[in-house]
Amino acid sequence: MTETEEKTGPPVTLIDPIDMTKLDPKFRNDISSMPNGEELSACFACSTCTAACPIANQWDYMPHQLIRMILLGMRDEVLSSKEIWECLTCFQCQERCPQKVRVTDIFFDCKNLAAEEGHVPENVLALGKTLVDKGQLYEVINDWEREDLDLEPEVPGLSIEGIQSILKSTRTGKLVEDGE
């Protein structure tokens, strides 16, 4: 008969344990009460959304894991995650979900909540600032770009004052203003 060694210490886990004191039980309700979150509770973590996502392999949290994190109440982790901002909005996850969970739309809702709580990545703020300041995200800076398309070097009649006025009164304008 051989002696077995007694193991001391906590068991080895593949993931970090969840700190139950940091869970927000209202987070699940916050998301499910939004127009896109009605089917949130129907998710049974089948991973179909993750299988459909063209960039899931680049993320720390897969789409089905983010949905599960919402259901668990992991508000801080979800709203501060890079994944909700990197979503391509291709809607493949949402179209393939057997439970009709509106995954992409839920990520939009999470972005809105994240923005309200100040969790907006710097690159997104920079894009918002460019949009508010210039009235467009892409600015023609080389004459040859328009010339290649047989267009005049300058965009005729481009007036961005109206767009700027509208954008400054939106959530984007407020975020950019607060970020300065």
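Scan region 95-104 for residues that are part of a helix (DSSP H, G or I) and in contact (Cβ under 8 Å) with a residue 40 or more places away in the chain and the total you get is 3.
Taken over region 85-94, residues that are surrounded by fewer than 21 Cβ atoms within 10 Å (Cβ to Cβ) and either touching a Pro at 6+ places or on another chain (Cβ under 6 Å) or part of a helix (DSSP H, G or I) (or both) amount to 4. Taking residues in region 50-71 that are more than 16 Å from Cys97 (Cα to Cα), and partners anywhere that are surrounded by fewer than 15 Cβ atoms within 10 Å (Cβ to Cβ) and among the aliphatic types (A, V, I, L, M), the pairs with Cβ atoms closer than 8 Å and at least 6 places apart or on different chains are Ile55/Leu88.
Restrict the check to region 108-129 and report whether at least one residue is touching a Cys at 6+ places or on another chain (Cβ under 7 Å), closer than 27 Å to Gly37 by Cα and among the aromatic types (Phe, Trp, Tyr). Scanning region 108-129, I find no residue that is touching a Cys at 6+ places or on another chain (Cβ under 7 Å), closer than 27 Å to Gly37 by Cα and among the aromatic types (Phe, Trp, Tyr), so the answer is no.
Read the figures in this text as sums done on the coordinates, not as results from a lab. Quick caveat: nothing in here was measured; it's all calculated off a predicted structure. Heads up, the Cβs are rebuilt from the backbone with ideal geometry, glycines too, and the neighbour counts pull from every protein chain shown.
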